[in-house]
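Remarks on the structure that follows.
Quick note: the coordinates plus some simple rules give every number you see, no bench work behind them. Keep in mind the model is a prediction, meaning the values are calculated, not measured. Counting neighbours? That spans all protein chains shown, and the Cβs are built from the backbone with ideal geometry, glycine included.
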Amino acid sequence: MNLSNLLRFVLGLSLGMVLLLTGTISVARYLIEQFTVPPPKPLFAEELPSPPPDPTPDPTPVPTAALVPSPLPNPSPSPSPKPSPSASPSPSPSPSRPPGQAAKVSWPEGLRIRDTPNVSAASVGGVEYNQDVVILETSADGNWQRIWSNGTEGWVKTGNLSTGN
């Protein structure tokens, strides 16, 4: 009887180890599959296709009386006002490139353009990575550069622009 109890203990222990090992392997495989599958590509508003216009006509019928013009007395034709030459809108001048050294933004996150050469200065715009800019001047301490980009002028930290040199 003592041998029978020992055999039961060894068999139970072996079966428990097999079940524990099988469960561990199953959970590990599940987690590996979940973490190795790439997530779906996010769709941004700019990437979504625009919906086609609805070609269905308006279901409300138009009464035939609305199609016939009503006889109205025609007042004497008045001359149409002619626009004066000075009132015509003049095209806004496109920003022209000022003289200076051409450069590109080399900081991968892009740069914030500030109104004065100071970290706490207000931001007046920004430039993206690899965007063309013009270096107008460098500050006296050499830590800031005044740039121009697409009509925006301001200061960026030195070292974030690459010149053609």
message = Can you tell me how many residues within segment 98-112 are part of a loop (DSSP other than H, G, I, E, B) and more than 11 Å from Leu136 (Cβ to Cβ)?
response = 5
query = Pick from segment 113-147 the residues that are within 13 Å of Thr158 (Cα to Cα) and part of a loop (DSSP other than H, G, I, E, B): which of them is nearest to the chain's Cα centre (by Cα)?
reply = Val119
